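The values are calculated or read from the model by the stated rules, or taken from the named source; none is laboratory data. The shown structure was predicted, so the numbers you read here are calculated from the model rather than taken from an experiment. A quick note on method: Cβ atoms are made from the backbone with ideal geometry, for glycine too, and the neighbour counts reach across all protein chains shown.
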Amino acid sequence: MKVKQSIPKELRFTVAQFYKKFPDDDACLEYLKEKRYPGGITHCEKCQHERKHHRVSGRPAYSCDHCGKMISPMAGTIFEHSSTPLQTWFYAMYLMGSTRCGISAKQIQRETGVTYKTAWRMFRQIRSLLSEGDMQLEGPTVEIDETYVGGTRKYAKGRPMRGDKVKIPVIGIVQRNGGKVYAQVVPGITADELTKVVKERVTPGSTVYTDEYPSYDRIGTLTDSKGKPLAYRHRRIRHKDGVYVKGDIHTNTVEGFWALVKNGIRGVYHQVSPEYLQSYLNEYAFRYNRRHEGNQQFNAILERVCERAS
């Protein structure tokens, strides 16, 4: 019996395809060169002209065909000064973009033979590329929910107090109907802190769905810096009363994202320190926002490497 693929053919990128496209470090370097310097043509600092550059034998660099000054496609990227093979970096990005719940540094250590310290550093560097800090959720309907990420407290019950060392407050905003998500660690879940994120990320005039938590009370009356109403239409579902869906009023979409994050952290990473939690949220949001791209998410991560090269 032939098993039906859940990913359309045009969105598949298998391990076999990966190794065919990137069989060695030279192929990876050539890919970077073409992305950053198409055709090998770029500005030469010594000549002060656009020049053709050719590969230098035995070195990960290209030299100007006029003066010989060398450039490296890895300069300014997360690969610079790294002794880890370029193909290993690419494979780590491939795996990160091919899973729903993430992949651990321990797994990369087992598959590639690098040390755990190296694998952890690689993932940390890759996650640094995945933030989408300028994201604006354009609506017209969004769901907002707050939650806590962290271990189980042994004694205290109810909502954690501000400054809790175990439970870290985060807020999530998701567009309905297949839209994007934005997730952010916040100092607390007061009205000031939650509404600040709403004003920064949600387009005025959007319909906003939340639960009954009191810190959301102000959403319908928010104004911009000039006092102009932002005209959010605020709809609420009362979870306290055991009601989770009432017509189109619910927060199930954003809660589904939280389930993905928490299950992934619990099952793959086991625990995440407050210092690095935002980078993990960025990773999950990056994949969620490209969930319709199948295994082509790997290409989106590679694009980030070149876009954010200094």
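Within region 62-72, being of a type in the set (Gly, Ala, Ser) and either surrounded by 14 or more Cβ atoms within 10 Å (Cβ to Cβ) or at pLDDT 95 or above (or both) holds for Ser63, Ser72. Taking the criterion of being outside any helix (DSSP H, G or I) and surrounded by fewer than 18 Cβ atoms within 10 Å (Cβ to Cβ), the residues of region 105-134 that qualify are Gly113, Thr115, Ser128, Ser131, Glu132, Gly133, Asp134.
Exactly one residue out of Ile171, Ile189 is over 21 Å from the mean Cα position of the chain (by Cα), free of Cβ contacts under 8 Å to residues at least 60 places away in the same chain and surrounded by 15 or more Cβ atoms within 10 Å (Cβ to Cβ): that is Ile189. Just so you know, in region 64-88 the residues that are within 35 Å of the chain's Cα centre (by Cα) and part of a strand (DSSP E or B) include one that is farthest from Val305 (Cα to Cα), and it is Met70. None of Thr251, Thr203 is polar (S, T, N, Q), touching a residue at least 24 places away in the same chain (Cβ under 8 Å) and either surrounded by fewer than 18 Cβ atoms within 10 Å (Cβ to Cβ) or under 30 Å from Val15 (Cβ atoms) (or both) except Thr203. The residue pairs whose first member lies in region 297-310 and is assigned by TED's automatic domain parsing to the domain that holds Met93, whose second member is exposed (fewer than 15 other Cβ atoms within 10 Å of the Cβ), and whose beta carbons are closer than 7 Å, counting only pairs six or more residues apart or on different chains, are Ala309/Gly76; Ser310/Gly76. In region 219-237, the qualifying residues are those that are basic (Lys, Arg) and at pLDDT below 95, and the one that is nearest to Asp145 (Cα to Cα) is Lys228. The residues on offer are Arg51, Arg36, Arg59, Arg12, and the sole one that is more than 24 Å from the chain's Cα centre (by Cα), surrounded by 12 or more Cβ atoms within 10 Å (Cβ to Cβ) and of a type outside the set (Gly, Ala, Ser) is Arg51.
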